[in-house]
Amino acid sequence: MQSMKNLQKLSLLLLFCLFGFGTAQAQFSTVKLGAKVGLNVSQLAVSNLADTRFEGFDRDNHFQIGTFGDFRLRSGFGLKVEVLYSRKGGQDFAEANSLISRDDQQKVRFDFITLPVLLTYNYKNFQLEAGIEGAFRQSTRYNIALISITGNERDNRYDIGLNLGVAYHIDRLSFGVRYNHGFNPMPVGSFFQDTDGNTYDVQPKFLLRTWQFTVGYDLVNG
């Protein structure tokens, strides 16, 4: 229910932005509206580590899907706004002793609704992108060895990050590579509890680092 409310708010914000751009469309040489899907290769860097037995997570593959608006000026500069459902996380939780076996598959997963707002520069078929990305966390899932915990709804639900990327356009198709550097730590909760009921006081927080590889399609190209 909460995720639907957040999605509605973001959709209204995007519509407001599109309405504003529509009223000033004469200022833009090109307006593109479309859909995109892609691969997130994300990693979690640990901060605020309360227990030194835990070191971090390696890269894990997830996905993103959503819509975009691409507005270009004749000078080559422009603005791109997106609304995406994006999953990020990490796997193979490393530890320095035998509390958790390295042979077990262990993951942390965050589901976000993200709102990238990017300044662009367009040259021939290439597009350079730089801007910010607001992310609204919808759910969290931890699978630590035999432990499976759903994220605490009271934990920090927002992230803000820097985006840098490049895209290549062919007719209505676009192929993009983008790096997202998150600044707001995502908490993993106040404790872990194993299947025997033993509680471990482990309170690391995670900074997200994500490479994004996407394919987009222009539904409107005018």
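The values are calculated or read from the model by the stated rules, or taken from the named source; none is laboratory data. Keep in mind the model is a prediction, meaning the values are calculated, not measured. Here the Cβ is made from the backbone with ideal geometry for all residues, glycine too, and neighbour counts use every protein chain on show. In case anyone asks, the SASA skips ligands and DNA or RNA and just uses the protein heavy atoms, side chains included. Shrake-Rupley method; radii C 1.70, N 1.55, O 1.52, S 1.80 Å.
Take the conditions (1) open to solvent by 40 Å² or more (accessible area, probe 1.4 Å); (2) at pLDDT 55 or above; (3) of a type in the set (Asp, Glu); Asp60 misses just one of them, which is (1). Scanning segment 104-134 for residues that are over 19 Å from Tyr158 (Cβ atoms) and in contact with a Pro (Cβ under 9 Å, 6 or more places away or on another chain) yields one hit, Glu129.
Considering (1) closer than 24 Å to Val46 by Cα; (2) buried (at least 18 other Cβ atoms within 10 Å of the Cβ); (3) modelled with pLDDT of 90 or more, the lone condition that Tyr179 does not fulfil carries the number (2). Residues that are among the polar types (S, T, N, Q) and modelled with pLDDT under 70 were ranked within segment 35-57; the one that is least open to solvent (accessible area, probe 1.4 Å) is Ser47.
For segment 182-219, how many residues are open to solvent by 70 Å² or more (accessible area, probe 1.4 Å) and either closer than 22 Å to His62 by Cα or at pLDDT below 90 (or both)? So that I can check it myself, show each step before the final result.
Restricting attention to segment 182-219, the residues satisfying the condition of being open to solvent by 70 Å² or more (accessible area, probe 1.4 Å) are 183, 191, 193, 195-196, 198-199, 201, 203, 205, 211, 213, 217, 219.
In the following step, the residues that additionally are either closer than 22 Å to His62 by Cα or at pLDDT below 90 (or both) were identified as 183, 191, 193, 195-196, 198-199, 201, 203, 205, 211, 213, 217.
Looking only at that region, the number is 13.
Selection of first residues in segment 160-173 that are more than 13 Å from Gly216 (Cβ to Cβ) and without any contact (Cβ under 8 Å) to a residue 40 or more places away in the chain and of second residues that are among the acidic types (Asp, Glu) and part of a strand (DSSP E or B), restricted to Cβ pairs under 8 Å at least 6 apart or on distinct chains, gives the following pairs, ordered by first then second residue: Ile160/Glu133; Leu162/Glu133; Leu164/Glu129.
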